[in-house]
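Every number in this text was worked out from the coordinates using simple rules, so none of it is lab data. Remember, predicted model here, so these are calculated numbers, not experimental data. Using ideal geometry, Cβ is built from the backbone for each residue, glycine included, and neighbour counts are taken over all protein chains shown.
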Amino acid sequence: ARQIGTLVIFGAGGDLARRLLLPGLGQLVDLGRNPDFRLIGVGQNAMSNSAWRARVAKSFEAGGATGAKARALAAETEYLKADVTNPDDLTRILAACTGTPALYFALPPQVTIAACAALAHVDLPAGTVFGLEKPFGTDLKSAVALNRQLVKLIPEQQIHRVDHFLGKSTVLNLLGLRFANRILEPVWNADNIERVDIVFDEKLALEGRAGYYDHAGALIDMIQSHLLLVMALVAMEPPSSIDAEDLRGAMAQALRATSVLGGDPAGSSRRARYTAGAIGGRKLPSYVKEPGVDPKNRTETLTEVVFGIENWRWAGVPFTLRSGKALERARKEIVVTFREVPHLPAGFSGKPGPAALRISLSPDDISLDLNINGSGDPFTIDRVVLSTEFGAGELGPYGEVLSGLLSNDPTLSVRADEIEECWRIVEPVLAAWKKDAVKLESYPAGSAGPAAWRRSRL
Ligand code: BG6
C-alpha cells in the first residue's frame with residue numbers, strides 16, 4: 001500500500017469531525033504509529049485557516065492529544081471552502097494534496113452519494129483511499145448502487161467503510177476472548193448457548209441531531225450500522241487470521257446466514273418512541289417536539305429485533321439486538337446465556353440460574369455469572385460473578401479506525417458485501433413497520449422503555 005500524504009476531511013465544519021474524528025486523529029498522531037501526513041479540512045462554509053487551526057487544536061486537546069506532533073499538525077493544517085458535489089471543486093481539492101490522498105467523507109449519505117458521482121469526472125491519483133461514514137446508503141438499493149459506483153473509482157481494498165464500533169477495544173477483545181482460550185470455542189454453539197443479547201441502551205436523547213436521526217431511527221442508526229456487525233464477531237466461525245480477507249470473510253459468512261427469527265419481521269420486532277420525561281433531573285421534551293422532528297416520519301427511538309443465524313452452529317438460537325435513546329440506564333453489553341445443566345443432582349437446594357458471559361462495552365469489562373455451592377450451607381446453590389476489566393485501548397475507536405485508513409489496512413472497516421447484508425437483514429423489518437404491522441409504542445424519557453416490554457421478552 002502507498003503511504004498516505006494528505007488526509008482530507010469532507011464535512012470538516014461538522015459535528016462528527018469536531019467531536020469524534022479530530023480527537024481520534026490527534027491521539028493517533030501523538031502516538032506516532034503512522035508516518036507523517038498533511039491535513040486539509042473541506043467544508044461548504046467559509047472559514048479562515050486560523051479559525052480552522054484553532055478548531056483542530058481544540059478538538060485534539062479534547063481527545064487528550066497535546067504532544068508536539070499533534071500540535072504541529074494543527075498548526076499547519078489548511079481549510080478549503082468547496083462544494084464536494086462539484087467536479088471542479090474536487091479537482092481543486094486534489095491539486096492541493098501532496099502525496100497519496102485519503103478522502104474522508106464525514107457527510108450525510110445523500111451528499112456522499114452525490115460527491116462520489118462527481119468524482120467519476122475527476123482524475124483520482126493512484127492509490128487514493130476513501131473513508132465513508134455510516135449510514136452507508138439509505139437502503140439496500142442505494143447501498144448497492146453506491147458500492148458499484150465506488151469500485152468504478154478505486155479498488156475495494158482502498159475503500160474504508162467506517163464503523164467505529166469495530167474500533168472499540170472491547171469489541172476487538174472479543175477476538176482474543178473467543179479464539180485465544182480453549183474453554184470457550186467448544187461450547188460456543190446452539191448445543192450449549194440458549195440465547196445471545198446485544199444491548200446498546202443510551203441515556204443520551206436526540207442531542208440536536210434530528211436532521212440525521214429523524215430519517216434513520218434506532219434500527220438503522222444502531223442495529224443496521226453497528227450491532228449486526230458486533231453480532232457477526234460473536235457468531236462467526238474462527239478465521240484463520242485476523243486480516244482484511246479472513247476476518248471480513250468470516251463476518252460476512254455469518255451475516256449471510258442471518259435473518260429475522262422465523263422469517264417473521266412483525267413478530268420478531270418491536271419499536272417505540274420516547275415521550276416527555278426527565279433523565280437525571282434534566283427535563284426532556286417528547287421526541288416529536290424536538291426541533292427538526294417531523295412526526296409524520298414515525299421515527300422509533302427504541303427497538304428490539306430478534307434474529308436467527310441459520311447454520312449448523314447457531315440454528316434455533318435467538319440473537320436479540322436492542323438499542324434505544326433517552327433510557328433510564330445506559331446498558332451496553334453482549335450477554336451470552338448458556339443452557340441450564342441437563343441434570344442437577346438431587347440434594348441441592350436453591351435453583352441455579354444459567355451461566356452467563358457478559359461483555360460490557362461501557363465500562364469495558366467482562367464477567368461470568370456462575371453457580372457454586374458457596375458459603376454457609378454447602379448444598380445450597382449460590383450465584384457468583386467473576387469479573388475483570390479489559391483495560392482501555394491505546395486509541396479510542398476513531399483513532400483505531402483512522403489508523404487503519406492511514407495505513408490502508410481495511411481489516412477494521414466494513415466490506416461492501418457486509419454492508420449490503422446488513423441492509424438486507426433489516427429491510428423486511430422496515431417494510432413491516434411501513435405497513436404498520438408493528439405498533440409504534442411509547443415510553444417516557446428516562447424510563448426503562450415501554451412497561452409491556454419489561455414484563456415479557458420477545
Ligand atoms: C453513533 C450513533 O454511530 O453511535 C449514535 O449515530 C450513538 O446515535 C453512537 O449514540 C454510540 O456510539 P458511542 O461509541 O459514541 O457511544
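Computed from the Cβ-Cβ distance with R0 of 41 Å, the FRET efficiency linking Gln157 to Asp377 stands at 0.10. Pairs from the list Lys168/Lys439; Lys81/Lys168; Lys332/Lys439; Lys296/Lys325; Lys283/Lys434; Lys58/Lys168 with a Cα-Cα gap above 29 Å: Lys168/Lys439; Lys81/Lys168; Lys283/Lys434.
Along the Cα-to-Cβ line of Val341, 7 Å from the Cα, sits a label point; which residues in the stretch 382-397 have backbone N less than 17 Å from it? Taking a point 7 Å out along Cα→Cβ of Val341, the residues of the stretch 382-397 whose backbone N falls under 17 Å are 382-385.
With contacts taken as Cα pairs under 8 Å at a separation of at least 6 residues, the chain carries a relative contact order of 19 percent. Among the trypsin sites (Lys or Arg not before Pro) in the stretch 263-367, those located in a DSSP loop and surrounded by at most 13 other Cβ atoms within 10 Å of their own Cβ are Arg329. The orientation-averaged shadow of the Cα convex hull for the chain, equal to a quarter of the hull surface, comes to 23.7 nm². Taking the alpha-carbon centroid of each part, what is the distance from the stretch 304-353 to the stretch 268-283 in angstrom? About 24 Å separates the Cα centre of the stretch 304-353 from the one of the stretch 268-283.
Three semi-axes describe the equivalent ellipsoid of the stretch 333-458; taken as square roots of 5 times the Cα gyration tensor eigenvalues and ordered largest first, they are 37, 27, 16 Å. The calculated FRET efficiency for the pair Thr388 and Lys439, based on their C-beta separation and a Förster distance of 60 Å, comes to about 0.90. Scanning the chain for GluC sites (Glu not before Pro) that sit in a DSSP loop and have at most 15 other Cβ atoms within 10 Å, the longest stretch containing none of them is 1-206.
Antiparallel beta bridges, as assigned by DSSP with both residues in the chain, represent about 55 percent of the total such bridges. Length available on full extension from Lys283 to Asn86: 0.36 nm per residue minus the Cα-Cα distance, which gives 66.6 nm. In terms of surrounding Cβ atoms within a 10 Å radius of their Cβ, Thr98, Thr85 rank from fewest to most as Thr98, Thr85.
If you bin all the Cα-Cα distances of the stretch 1-113 at 5 Å, starting from zero, the percentages per bin are 2, 13, 23, 26, 20, 11, 4, 0. Relative to a virtual label point 7 Å from the Cα of Gln149 in the Cα→beta-carbon direction, which members of the stretch 109-131 show backbone nitrogen distances below 20 Å? Correct set: 109-125, 128-131. Sort out for me the Cα centre separation of the stretch 1-32 from the stretch 112-143, rounded to whole Å. The stretch 1-32 and the stretch 112-143 have Cα centres spaced 18 Å from each other.
Candidates Trp312, Gly281, Gly292 compared by Cα position along the dipole of the stretch 265-374: farthest toward the positive end lies Gly292, with charges placed on Cβ.
Here each label is just a point 7 Å from Cα along the line to Cβ, and for Arg329 and Glu237 those points are 3.9 nm apart.
Is the shape of the stretch 272-410 best called rounded, prolate or oblate, per the rule: a/c under 1.5 gives rounded, else a/b larger than b/c gives prolate, else oblate, with a ≥ b ≥ c the square roots of the Cα gyration tensor eigenvalues? It comes out prolate by the Cα gyration axes. Counting only DSSP H runs of at least 4 residues, each contributing -39500 (n - 2.57), and dividing by the residue count of the chain, the helix-based mean residue ellipticity at 222 nm comes to -9500 deg cm²/dmol.
Within the stretch 175-210, list the trypsin sites (Lys or Arg not before Pro) lying in a DSSP loop whose Cβ has at most 14 other Cβ atoms in a 10 Å radius. Walk me through the numbers before you get to the answer.
Working: sites: Arg178, Arg182, Arg195, Lys203, Arg209; in loops: Arg182, Lys203, Arg209.
Counting only loop positions with at most 14 other Cβ atoms within 10 Å, the trypsin sites (Lys or Arg not before Pro) in the stretch 175-210 are Arg182.
For the pair Ala95 and Leu177, a Förster radius of 56 Å applied to the C-beta separation gives a FRET efficiency near 0.75, rounded to the nearest 0.05.
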